[in-house]
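Colleague: This is the structure I want to talk about, given as structure tokens.
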Amino acid sequence: MGLKMNILLRIKELLKRRNWTIYKLSKLSGVSQSTLSNLFKRNNAPTISTLESICKTFGITLSQFFSNDDVFSLDAEQKNILEITLGEFFLTKEFDQLEQEIK
């Protein structure tokens, strides 16, 4: 199996672990939904910057992404806290951007 397929499988695995959709990953990472969808439809590898954004959203480093080890294990409460924290962070980021556009 090629590297790009491993990358896509790893992203799918991380999505599944969090019970996230591509739409949710898009909203949290700032990577457009069409970009993410096209990666899977066309079996393309993401750019480094896209992969960095995805990793950051998942709360892992590029090194952890490519590691064969289980990167982390969170219980349900920890997962919930992480999702709320990420959601608040990105909501604040979007609010700040809208505020700048209004000015």
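Quick note: the coordinates plus some simple rules give every number you see, no bench work behind them. No experiment lies behind these values; they were computed from the predicted model shown. Note: ideal-geometry Cβ built from the backbone for every residue, glycine included; neighbour counts use all protein chains shown.
Colleague: If one takes the longest principal axis of the Cα atoms in the chain, at what angle in degrees, from 0 to 90 and to the nearest 10, does the Cα axis of helix 3-18 lie?
Modeller: 60
Colleague: Using 7 Å Cα-to-Cβ label points, what is the Ser37/Gln64 separation (nm, one decimal)?
Modeller: 3.0
Colleague: With the cut-off at 1.5 for a/c, could you classify the chain from its C-alpha gyration tensor as rounded, prolate or oblate?
Modeller: Here the chain falls in the oblate category.
Colleague: Calculate the dipole size of the stretch 3-102 relative to its Cα centre from +1 charges on Lys and Arg beta carbons and -1 charges on Asp and Glu beta carbons; express the result in debye to the nearest 20.
Modeller: Details: 13 positive and 12 negative charges, 135 e Å.
That gives a dipole near 640 debye.
Colleague: To continue, here is another question. Check the straight Cα-Cα distances from Lys79 and name the lysines below 30 Å, setting aside those fewer than 8 residues away within the same chain.
Modeller: Of all the lysines, those that pass the test against Lys79 - Cα under 30 Å, at least 8 places apart if same chain - are Lys4, Lys12, Lys16, Lys24, Lys27, Lys41, Lys56, Lys93.
Colleague: What distance in nm lies between label points placed 7 Å from Cα along the C-beta direction at Phe90 and Gln78?
Modeller: In this crude spin-label approximation the distance works out to 2.1 nm.
Colleague: Build a GNM of the chain with springs between Cα atoms under 10 Å: which of Leu25, Leu39, Leu51 gets the top mean-square fluctuation?
Modeller: Leu39
Colleague: Working from Cα positions, state the angle (0 to 90°, nearest 10) between the long axis of helix 48-58 and the longest principal axis of the chain.
Modeller: Approximately 80 degrees, to the nearest ten.
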